[in-house]
1. What number of residues within the range 359-395 satisfy the criterion of being closer than 14 Å to Ala234 by Cα, polar (S, T, N, Q) and buried (at least 16 other Cβ atoms within 10 Å of the Cβ)?
2. Restricting to the range 122-153, name every residue that is in a loop (DSSP other than H, G, I, E, B) and either hydroxyl-bearing (Ser, Thr, Tyr) or within 10 Å of ligand 1 (Cβ to nearest atom) (or both).
3. Within the range 20-40, count every residue that is in a helix (DSSP H, G or I) and within 20 Å of the chain's Cα centre (by Cα).
4. Quick one: count up the residues across the range 298-332 that are in contact (Cβ under 8 Å) with a residue 40 or more places away in the chain, touching a strand residue (DSSP E or B) at 6+ places or on another chain (Cβ under 6 Å) and more than 16 Å from ligand 2 (Cβ to nearest atom).
5. For the subset of the range 93-121 comprising residues that are within 15 Å of ligand 2 (Cβ to nearest atom) and part of a loop (DSSP other than H, G, I, E, B), which member is farthest from the chain's Cα centre (by Cα)?
6. Among the hydroxyl-bearing types (Ser, Thr, Tyr), at pLDDT 95 or above, more than 16 Å from ligand 1 (Cβ to nearest atom) and surrounded by fewer than 21 Cβ atoms within 10 Å (Cβ to Cβ): does that describe Thr289?
7. Just to be sure I understand, how many residues within the range 115-125 are modelled with pLDDT of 95 or more, more than 19 Å from Gly225 (Cβ to Cβ) and open to solvent by 10 Å² or more (accessible area, probe 1.4 Å)?
8. Return the residue satisfying two criteria in turn: it lies in the range 252-267 and is within 12 Å of ligand 1 (Cβ to nearest atom) and open to solvent by 10 Å² or more (accessible area, probe 1.4 Å), and of such residues it is farthest from Ala111 (Cα to Cα).
Amino acid sequence: MTIGILGGGQLGYMLALAGYPLGLHFRFFDPSPEAPVGRIASRVTADFTDESALEKFANGLELVTYEFENVPFAAARFLSDRLLVLPPPTALEAAQDRLREKQLFQQLGIATTEFAPVLNREGLDSAIEKIGLPAILKTCRMGYDGKGQSVLRTATDVARAKNELPGRHSAGPRHSTRSRASHDQAPFVLERFVAFRRELSILAVRGRAGETAMYPLVENHHRNGILRLSLAPAPQLDPAIQRVAEDAAQRVFQALEYVGVLAIEFFDHEGRLLANEMAPRVHNSGHWTIEGAVTNQFENHLRAVMGLPLGSTDVIGSSAMLNLIGDVPDSAEVLAVRDAHLHLYGKTPRPGRKLGHITLRAASSEALAAQLAELPAFFRQPDFCLDTVLSRAPSRASAD
Ligand SMILES: Nc1ncnc2c1ncn2[C@@H]1O[C@H](COP(=O)(O)OP(=O)(O)O)[C@@H](O)[C@H]1O
Ligand SMILES: [Mg+2]
């Protein structure tokens, strides 16, 4: 049985690794000949707009899923006219546009930060009047890892942002595809800047018969918009907050008749959860599940789309996942740390590129803190956000 996967990055790579023990085969579709899955699976290298390549890709597949949410909707629809595509392409469509995504949250009664659409340079002032400063201006489409975002704090920031926005009479929004520009969708969204206490995300999975399973909320630390460290379960996790996150996932599941793994990112702000964005796929903040949960997110995604029973989402102790970005440590030094697990994706190093991750697993959060402190010097760089975690561990423990 062969499953087709749109996108051939590290998420696809780990999906395949989780699927091989289940006897599954994989075929990937990715425009880049450098895609990491080239190491381990067959693939079609072509543009997502190439219908004859999509046709060839679809031939003989059991079903299609995706590991990349910026797959053009038209490609997903083209495939769904021919075979089963899960999660449903409507989920892809909803998650591809930040404005649409926030509007969906709003319709479903899921709290978000305040936001306003921005069509062009002229529209920025009225959006600022509504939202206030500081705010974040984001492109609605194609952004990831903090790309396509600027924080506006001062009048100078606003003037600079205006310079980069298209004018009312310009040919069309630069960051939006032609098909989209004809709809009423704005190319930018302005959001109130949230001075959050912390960032949390939930990984949830829904099977074909509507059964669901939830992983515990994870605490995420970003640097320059890129995820650096996840702690799972999130320290000091209040069961009421977990319930709110699960309820949000259930609402999205119902609304989109969703099948597969879904990730929702939240800000924990003044005791409330504000949804920031969702991803209709497996997620970087769920990598810890490979070692830290009974069934990992990749296997559970495959179980869901295949119509197999979902696996337990119970955790095994406490885990920390650290992304390796732009550079990798010495493997031997990492593996010398007890219960440290190294994952390298086989990508050519480039600044800002996710090359791999490590997961540390321990019996308790205290033991985890001790293991984190044992990591080699490579991880002392401030980008790993380890300092914040290690410095607060003792004070929090004594406050309890
Ligand atoms: N409204 C906001 N207030 C404060 N910080 C934000 C806001 N939106 C985004 N950020 C920060 O930027 C990071 C990346 O933004 P996000 O919307 O998740 O886009 P993406 O992950 O697709 O690049 C977030 O994880 C958060 O750290
Ligand atoms: Mg994000």
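The values are calculated or read from the model by the stated rules, or taken from the named source; none is laboratory data. Since the structure is predicted, the reported quantities are computational estimates derived from the model, not experimental observations. Positions of Cβ are backbone-derived with ideal geometry, glycine not excepted, and every protein chain shown enters the neighbour counts. The protein model used for the area step is the full one, side chains on, heavy atoms only, and it has no ligands, DNA or RNA in it. Shrake-Rupley method; radii C 1.70, N 1.55, O 1.52, S 1.80 Å.
1. Going through the range 359-395 one residue at a time, the tally reaches 1.
2. Passing the criteria: Pro134, Met142, Gly143, Tyr144, Asp145, Gly146, Lys147, Gly148.
3. 2
4. Result for the range 298-332: 12.
5. Thr113
6. no
7. Going through the range 115-125 one residue at a time, the tally reaches 1.
8. Among those residues, the one meeting the criterion is Glu265.
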